[in-house]
Amino acid sequence: MSRSPSRAPSALARNSPSRLAIPTTLRRPPSLSTSVLAAHPRQRHPQPVRCRRRGRDSDSDDAVAVGQLDAGDEESKKTLRDHLRRTLKTRPSRELRTQSQRRRKKIDSDLSYSPDAKYTPREYFVLTDAGKPVFTSRAETESDSFTTTIGIMQALISVFIDDHDKLKCINAGNTRITFLQRTPLYYACASSWGEPESVTRSHLEFLHLQILSIITASQLHKIFERRTNFDLRRLLNGTETFLHSMLAKLEFDLAMATSSLHCLKMDAVSRKRVADALVPTKMKDVLYVILLAQGRVVTLIRPKKHSIHPADIHILMNTVHNPSIYNSPASASWIPICLPKFNPSGFLNVYIAFLQREDPPHSEGSTISSRSLLDAADSTALLCVSGGADFETIRGWCESATQKLIADGSLKSLLDAAEQADYTVSELGIPGLRHFVYKARAQVQVTFPTFEDPYDNLTDRKRLVTLYQTLHDAIHAKSGQSETLKLQYIRTEKECVMGWITQPFEMYIALSPRLPKSAVIGAANAVSRWIKKEESRLFLKDAPVF
């Protein structure tokens, strides 16, 4: 590691984006609808909002004056689009550009990392290209402010689309509104956490994939080709819990943040014995057999010519752990699901069975199930994904495989390992080390210890995860940086963090801010050596194929 630590160039300093000056008449008390328009509603004069756009006008600063409009009806939205289209190409004066540059410099420094972020809940919106709301993370959806927010979002996006351009994000003070277009749906996320743009964009992508797991891409396009103003909420009714649980996972799931899998820590011999018992034989149309425990992958069995994308596994895990599946009174579930990375236009069938220790004999009249006392994320589940296999055939095979695991003691070994799967940084014995994330790049798998003091409360944990995301974004140049980095180091008042990428791994570590850089690099090397020693237990290697 000969290269000295350095900071990544700001992604926001590359281009000189458009600015939207929003009048005071559109402002309301602080809420998402106002954060879309203004960062400081108490100021007397309109606060310029910074937009990143991609296209032919990306090198100029343009001022937009929006009239006093009510975006609640179609005519007002059309007027808003016309105003924006006429004024987007208006070049501001030299004085205005100078002020914009000073303001942009301040915004860049604020958005790279904000130690004073309050971590208010992010807000997510899904709407159709006709402006119909589909989903929101808001609890209240009947208010005028919600309707206004949806209308303004649709109007802004459509202006850029009509100009053969894309609206990527709006920066308003410490709030960033990120947009993602997946026709016929638009996605938006408002966040003041200070994370890079690529983070919320990946959240929106996962939200899109979760919707495609319920309604395939081909179904979506056919529906909106016939009726452009179709209300998609009718088809998604009852599935909102899947979307909410996905957004909850995205806040802290470091495997999803690094596009990888989190595997259960387990003895390699025991893992292989479990996997061998689950290899399907003489069954057609079986694609994947996946065993999950504690929300982590135990083993993954697949055909020789098939692989599976990590995003599809996260979709499966989010589906399996949903209360509507886990709390079902049936002994097993058989549900259709679309895995968008495998085939976004078709459904597969997944058989889900939850495994548990043999129930001790209950007293007469007792009907308590041991499974009902467990949390879904702590459960052990067997998944069999198939194309057109018969339900009875799949169920018969899964039941026989489960009995085999019980008979040879493999299930007991698995459940014992699941109860002891967590580990702490104290086991490494590295002075000053507080937390780390290690990704084995060849296996596309990640491992990390539990969150302990000083990250045992949500605020500090959110701060650390945001710092990890900042490092990951800089190292991979995900927000448009000019180049990738091999090493990135950030020091704050509360901790210092470092990201380091090599050919076999990438690592993100958090340590005491009092440590010198030489000690940080020494700690990173020590973590790498410990992982190398424990990798047979931490990672899934040489999984069987059929």
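The values are calculated or read from the model by the stated rules, or taken from the named source; none is laboratory data. Predicted model, so just to flag it, every value in this text is computed and none were measured. Neighbour counts run over all protein chains shown; Cβ positions are idealised from the backbone, glycine included. Calculation scope for accessible area: heavy atoms of the full protein, side chains included, ligands and nucleic acids excluded. Shrake-Rupley method; radii C 1.70, N 1.55, O 1.52, S 1.80 Å.
Residue under question is residue 258, and the condition is that it be more than 30 Å from residue 132 (Cα to Cα), open to solvent by less than 50 Å² (accessible area, probe 1.4 Å) and among the polar types (S, T, N, Q); does it hold? Taking the combined requirement at face value, the residue satisfies it. Screening the candidates 484, 450, 402, 424 for the property of being out of contact with any Lys or Arg (no Cβ under 8 Å at 6 or more places or on another chain) and closer than 17 Å to residue 292 by Cα yields one hit, 402. Residues that are open to solvent by 30 Å² or more (accessible area, probe 1.4 Å) and either among the β-branched types (Val, Ile, Thr) or at positive phi (or both) within segment 511-546 comprise 521, 542, 545, listed in sequence order.
Exactly one residue out of 163, 129, 144 is farther than 23 Å from residue 238 by Cα, open to solvent by 30 Å² or more (accessible area, probe 1.4 Å) and acidic (Asp, Glu), and it is 144. Of the candidates 454, 504, the single residue that is open to solvent by 10 Å² or more (accessible area, probe 1.4 Å) and either of a type in the set (Gly, Ala, Ser) or modelled with pLDDT under 95 (or both) is 454. When each of 504, 454, 513 is tested for being of a type outside the set (A, V, I, L, M, F, W, C) and touching a Cys at 6+ places or on another chain (Cβ under 8 Å), the lone residue that passes is 513. Residue-level analysis places residue 221 among those that are of a type outside the set (Lys, Arg), over 20 Å from the mean Cα position of the chain (by Cα) and in a helix (DSSP H, G or I). Could you list all residues from segment 174-192 that are open to solvent by 20 Å² or more (accessible area, probe 1.4 Å) and under 19 Å from residue 119 (Cβ atoms)? 174, 175, 192 - these are the residues of segment 174-192 that are open to solvent by 20 Å² or more (accessible area, probe 1.4 Å) and under 19 Å from residue 119 (Cβ atoms). Residues of segment 424-445 being touching a strand residue (DSSP E or B) at 6+ places or on another chain (Cβ under 6 Å) and among the hydroxyl-bearing types (Ser, Thr, Tyr), which ones? Across segment 424-445, the qualifying residue is only 438.
Of everything listed in (1) of a type outside the set (Val, Ile, Thr); (2) more than 28 Å from residue 173 (Cβ to Cβ); (3) at pLDDT below 95, the single unmet condition for residue 264 is (3).
Contact map, segment 276-288: residues that are closer than 12 Å to residue 404 by Cβ paired with residues that are in a loop (DSSP other than H, G, I, E, B), Cβ distance under 6 Å, separation 6+ or inter-chain. Pairs shown: 279/544; 279/546.
Quick check on my filter: what residues within segment 282-318 are polar (S, T, N, Q) and closer than 27 Å to residue 420 by Cβ? Result: 294, 299, 318. So which of 321, 262, 306 ends up being of a type outside the set (D, E, K, R) and within 15 Å of the chain's Cα centre (by Cα)? Of 321, 262, 306, the one residue that is of a type outside the set (D, E, K, R) and within 15 Å of the chain's Cα centre (by Cα) is 262.
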